[in-house]
Amino acid sequence: MEVFRPSLIPPCTLTKFHSDDYINFLRMITPDNMGDYVRQLQRFNVGEDCPVFDGLFEFCQIYTSGSIGGAVRLNEKASDIVINWSGGLHHAKKSEASGFCYVNDCVLAILELLKCHQRVLYIDIDIHHVSIISFVCLVSFLILS
Ligand SMILES: [Zn+2]
């Protein structure tokens, strides 16, 4: 087993699936300023199941970098199998957090894999079913691109 540290993805990579305004919101919201953004917290479903905490955006960027970095290694045939133990936050929707998932690293990793592969088999073993909205958006993206 090899452990590798993928490069940190730039924030714009997250908008390959998520909306710009949602990612911009995640970048600027902090526990100190959240009182000024009550409407946006509601709009983006951030607050209860998906709390604001120090380093929230960095957390999203790091776990998503692991999933995309793993997909890049598969694309480059540098690895046959990759695992991101911090990834799998599949409940996040295009413009909404859900179930402690802020950024959908699964969708973003699949998009990375689709750069080199015609099809990707996605198996989800979470007890909750995956957000159908995220995957409808992904299918729409694939049909339109
Ligand atoms: Zn779940």
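Computed from the coordinates by the stated procedures, all read-outs in this text should not be read as laboratory data. Treat the numbers as computed from the prediction; the structure is a model and nothing was measured. Positions of Cβ are backbone-derived with ideal geometry, glycine not excepted, and every protein chain shown enters the neighbour counts.
Here Tyr22, Tyr37, Tyr122, Tyr102 are placed in order of increasing Cβ neighbour count within 10 Å, fewest first, which gives Tyr122, Tyr37, Tyr22, Tyr102. Placing unit charges on the Cβ atoms only, positive for Lys and Arg and negative for Asp and Glu, gives the stretch 68-127 a dipole magnitude near 200 debye about its Cα centre.
Residues whose amide H falls under 5 Å from that of Val52, counting only those 5 or more places apart or on a different chain, are Gly47, with hydrogens built in the peptide plane. Charged neighbours of Glu96, selected by a Cβ distance under 15 Å, balance to 0 (K, R count +1; D, E count -1). In this structure, the amide hydrogen of Lys93, modeled 1.01 Å from its nitrogen in the peptide plane, lies closer than 5 angstrom to those of Ser98, counting only residues at least 5 positions away or on a different chain. Taking a ≥ b ≥ c as the square roots of the Cα gyration tensor eigenvalues, the chain comes out prolate, since a/c reaches at least 1.5 and a/b is larger than b/c. Each Cα pair under 8 Å and six or more residues apart adds its separation to the average, and for the chain the resulting relative contact order is 24 percent.
Each residue of the stretch 90-106 is assigned a 3J(HN,Hα), and the resulting list reads 7, 7, 5, 9, 3, 10, 7, 7, 6, x, 6, 10, 9, 10, 8, 5, 5 Hz, derived from the Karplus form 6.51 cos²θ - 1.76 cosθ + 1.60 (θ = phi - 60°), x at Gly and Pro. For Cys60, Cys116, Cys50, the sequence from fewest to most other C-beta atoms within 10 Å is Cys116, Cys50, Cys60. Going from the fewest other Cβ atoms within 10 Å to the most, the residues Lys93, Lys16 appear in the order Lys16, Lys93.
Each Lys and Arg adds +1 at its Cβ and each Asp and Glu adds -1 at its Cβ; summed about the Cα centre, the stretch 11-117 shows a dipole of about 380 debye.
In plain terms, the chain from Gln118 to Asp80 could stretch by 12.0 nm, reckoned as 0.36 nm per residue minus the Cα-Cα distance. Can you give the FRET efficiency for Asp21 and Ile125, using 1/(1 + (r/R0)^6), R0 = 22 Å, r = Cβ-Cβ distance, to the nearest 0.05? Step by step, r from the Cβ atoms, then E = 0.10.
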